[in-house]
1. Just the number: Rg to Rh for the range 125-189, Cα atoms, Kirkwood Rh, two decimals.
2. What list do you get for Trp63, Trp70 if you sort them by fewest beta carbons within 10 Å?
3. Would you mind ranking Arg52, Arg109 so that the residue whose beta carbon has the fewest other beta carbons within 10 Å leads the list?
4. Which links in Lys149/Lys178; Lys114/Lys177; Lys107/Lys177; Lys83/Lys113; Lys72/Lys97 stretch past 27 Å when you go from one Cα to the other?
5. How big is the shadow of the Cα convex hull of the range 41-80, averaged over all directions, in nm²?
6. Restricting things to Cα coordinates, could you compute the convex hull volume per residue of the range 54-102 in Å³?
7. Compute and list, largest first, the equivalent-ellipsoid semi-axes of the range 72-189 from the alpha carbon gyration tensor, each √(5λ) rounded to a whole angstrom.
8. Would you tally the net charge around Ala135, using a Cβ to Cβ cut-off of less than 14 Å, leaving Ala135 out, and scoring K and R as +1, D and E as -1?
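A short reminder: the numbers here are calculations on the coordinates, not readings from a lab. Everything numeric in this text was worked out from a predicted model, so none of it was measured. Heads up, the Cβs are rebuilt from the backbone with ideal geometry, glycines too, and the neighbour counts pull from every protein chain shown.
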Amino acid sequence: MTDISNSEKKKLAADLTTLAILQHWEQTNPEDRIAHLVRDLARGFNRALQIRLSEYGVSFGHWVFLRALWEKDGITQRELAVKVGLTEPTTHTAITKMLDLGYVSRKHRDGNKKKQYIILTEAGRVLEEKLVPLAQEVNDIAISGIDDKTVKLIRSGLLEMVRNLAVDEAQIMEDGKKLPSTRSLNNKT
């Protein structure tokens, strides 16, 4: 890992969390598990993007749903929850707030009063051209100074890890185990 310069550390001094993460990887435990490294990297991506999204009054939580809806809207809340990998209650809360903000609407189709479909409004659609470049900027910052071959290798390695963990999860589910909800874990005494 490349050490950061003193001037870069001074810029970061206002953010003790970032400094603690860098110290961990540069000094305390540079050989820590990849899971921790990926978590810290994801956290860095999320924070960098959230700073940029806030200029438009958009939270990172809403970004996740907007991004999925820009790919395909007119899907049910359940389909949206699956697509973004979050629970239905979390999705419901976010969609309710996004309704208030005017980013989405809910519609019933085909006389089915039970299923509600989430549809982007014009305001939600317009955000795509403003926000996607911000995500691209964060990505470019993250990979700056890394050659194309290494970026390809990193992407390939991360995708293989995603596949390995997906296969592991499928095997665990096949064995009859389930992913417990946070709520069920919190209710245990």
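1. On the way: Rg = 19.0 Å, Rh = 15.8 Å.
Here Rg/Rh amounts to 1.20.
2. The order, fewest Cβ neighbours first, is Trp70, Trp63.
3. Working: Arg52 18, Arg109 11.
If I rank by nearby Cβ atoms, fewest first, I get Arg109, Arg52.
4. Values: Lys149/Lys178 39 Å; Lys114/Lys177 30 Å; Lys107/Lys177 36 Å; Lys83/Lys113 23 Å; Lys72/Lys97 19 Å.
Listed pairs above 27 Å: Lys149/Lys178; Lys114/Lys177; Lys107/Lys177.
5. Working: hull surface 13.3 nm².
Average of the hull's projected areas for the range 41-80 equals 3.3 nm².
6. On the way: hull volume 3.5 nm³, N = 49.
Cα convex hull per residue, to the nearest whole number: 72 Å³.
7. On the way: eigenvalues 187, 146, 39 Å².
Result for the range 72-189: semi-axes of 31, 27, 14 Å.
8. On the way: positive: Arg47, Arg52, Arg67, Lys130; negative: Glu55, Glu71, Glu128, Glu129, Glu137, Asp140.
Around Ala135, the charge tally is -2.
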